[in-house]
1. Hey, among Ala256, Ala249, which residue is open to solvent by less than 20 Å² (accessible area, probe 1.4 Å), more than 24 Å from Pro360 (Cα to Cα) and assigned to a loop (DSSP other than H, G, I, E, B)?
2. Could you tell me whether segment 214-237 includes any residue that is modelled with pLDDT of 95 or more, surrounded by 20 or more Cβ atoms within 10 Å (Cβ to Cβ) and away from ligand 2 (no atom under 16 Å from the Cβ)?
3. When the residues of segment 163-180 are narrowed to those that are surrounded by 20 or more Cβ atoms within 10 Å (Cβ to Cβ) and small (Gly, Ala, Ser), which ends up farthest from ligand 2 (Cβ to nearest atom)?
4. Being away from ligand 1 (no atom under 14 Å from the Cβ) and assigned to a helix (DSSP H, G or I) is the filter here; which residues of segment 291-309 pass it?
5. Would you check which residues across segment 128-148 are open to solvent by 40 Å² or more (accessible area, probe 1.4 Å) and at pLDDT below 85 and list them?
6. Out of the residues in segment 181-203 that are charged (D, E, K, R) and more than 16 Å from ligand 2 (Cβ to nearest atom), which is nearest to Thr252 (Cα to Cα)?
7. Report, by residue number, each residue of segment 1-26 that is among the hydroxyl-bearing types (Ser, Thr, Tyr) and loosely packed, with under 15 Cβ neighbours inside 10 Å.
8. Could you identify the single residue in Ala347, Ala354 that is small (Gly, Ala, Ser), free of Cβ contacts under 8 Å to residues at least 24 places away in the same chain and on the phi < 0 side of the Ramachandran plot?
Amino acid sequence: MKTIRRYEALLRSAFQGALLTAATAPGVFVLGCGHHAPGAATEAGTSDLDATAGTDSGLDDATVQDDGFPSVTDDSGLTGACAPIFMADAGPDASLMCTTYSMLPCGVPGAATRGPSCLYAFNICQHACDGLAFNCHPYGDACLDGSVAPGPFVMDCVTCPGAAGRRPRRLAPASFARGKSEAGDYFARVAHLEAASVHAFHQIETMLGERGAPASLCRAARRAARDETRHARAVSRLARRFGGVPAAAHVTRRRARESLASLAVENFVEGCVRETYGALVATWQAAHASDPGVAAAMTRIAKDETRHAALSWSIAAWAENQLSPAARRRVTARGTAAVSELLKATATPPLDVARIAGLPDRTTQIALLRALDRTLWSPAAA
Ligand SMILES: [Fe+2]
Ligand SMILES: [Fe+2]
């Protein structure tokens, strides 16, 4: 088994390649030519990433452009009896980490959508969602073949771009007060995810200990929890500086010991896919944030997140040897689905947030994801 340091070096090298690829990507990014999905096949027997690229992600016609939406700032139609009803504590999905839901009694009268996922324009999302949303689309089968039937539906709002933080189990939903700026709201959400990550690494340390994992992995999980505490404080300071209101992260108590297969799935999804991508995005932000305080914080965070991602790959290698072939296939399938989720959540952030936080635009996010797919996820699933 490779050491965490060895994985860290591999990730740094993969990140350098991905950053170079993304920085030189043309403005319009073609997705689909020769694409090779991680895992090659899901449980349903088809490539989830390929399917997402072609259909569900909204990346229609294998081409991604950043500004294909009509302008609809003046009248969203979402007022009076048609005003959204925010479902902060009662959304259809129990995991509210990066998603909020709104019931729209009249739908979105007259607004055009784009792509097979029926993505709405950014400014519609700001009316339809509770707080800052990076993209929004109808939940479930309210979107059929790229169109939305008239009438009420539930809007699914993506509230954090990329994969900041690592989601723990049993995270309690948080409600966010609107701050004084979009940047403040963005940092408040990221601070919550960083605070949630502290719980995630405490949980991992416990699960590793119960399974007799090497002491080096348990130590690294403990250190990662300390890192995340620092990240939560640093990003909370940024949130307050920009007028945001960070919320605390709470988890409910666990009831039973988790199986190794369950630990392996969670580690691959949250660590090898989401936190690995989050570390790459943080590295991008460190280089692109226009605010010097943000750039300095992201430089430190990116370094730590890369080490956390390396820990996840080490845990994955340790667990893999003990899993049945069926459990390994499950890990692969869930990892592939997690990559698809990241693709679906790609969105160009509001201009101010992108500039201050150094966030990549949607085209760049897709380029970064594809690069990681090529160098990490596909080889891991082969
Ligand atoms: Fe973090
Ligand atoms: Fe982390």
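The values are calculated or read from the model by the stated rules, or taken from the named source; none is laboratory data. This structure is a prediction, so every number in the text was calculated from the model and none was measured. Methodologically, a virtual Cβ is constructed for each residue, glycine included, from the backbone with ideal geometry; neighbour enumeration extends over all protein chains shown. The protein model used for the area step is the full one, side chains on, heavy atoms only, and it has no ligands, DNA or RNA in it. Shrake-Rupley method; radii C 1.70, N 1.55, O 1.52, S 1.80 Å.
1. Numbers: Ala256 fails: open to solvent by less than 20 Å² (accessible area, probe 1.4 Å).
On inspection, the qualifying residue turns out to be Ala249.
2. Checked against the condition, which is being modelled with pLDDT of 95 or more, surrounded by 20 or more Cβ atoms within 10 Å (Cβ to Cβ) and away from ligand 2 (no atom under 16 Å from the Cβ), segment 214-237 yields no hits at all.
3. Gly179
4. Those that are away from ligand 1 (no atom under 14 Å from the Cβ) and assigned to a helix (DSSP H, G or I): Pro292, Gly293, Val294, Ala295, Ala296.
5. Within segment 128-148, Asp130, Gly140, Asp141, Asp145 qualify.
6. So, considering only residues that are charged (D, E, K, R) and more than 16 Å from ligand 2 (Cβ to nearest atom), the one nearest to Thr252 (Cα to Cα) is Asp185.
7. Step one: list which residues in segment 1-26 are among the hydroxyl-bearing types (Ser, Thr, Tyr), which gives 3, 7, 13, 21, 24.
Those that are among the hydroxyl-bearing types (Ser, Thr, Tyr) and loosely packed, with under 15 Cβ neighbours inside 10 Å: Thr3, Ser13, Thr24.
8. Ala354 is the lone residue from the list that is small (Gly, Ala, Ser), free of Cβ contacts under 8 Å to residues at least 24 places away in the same chain and on the phi < 0 side of the Ramachandran plot.
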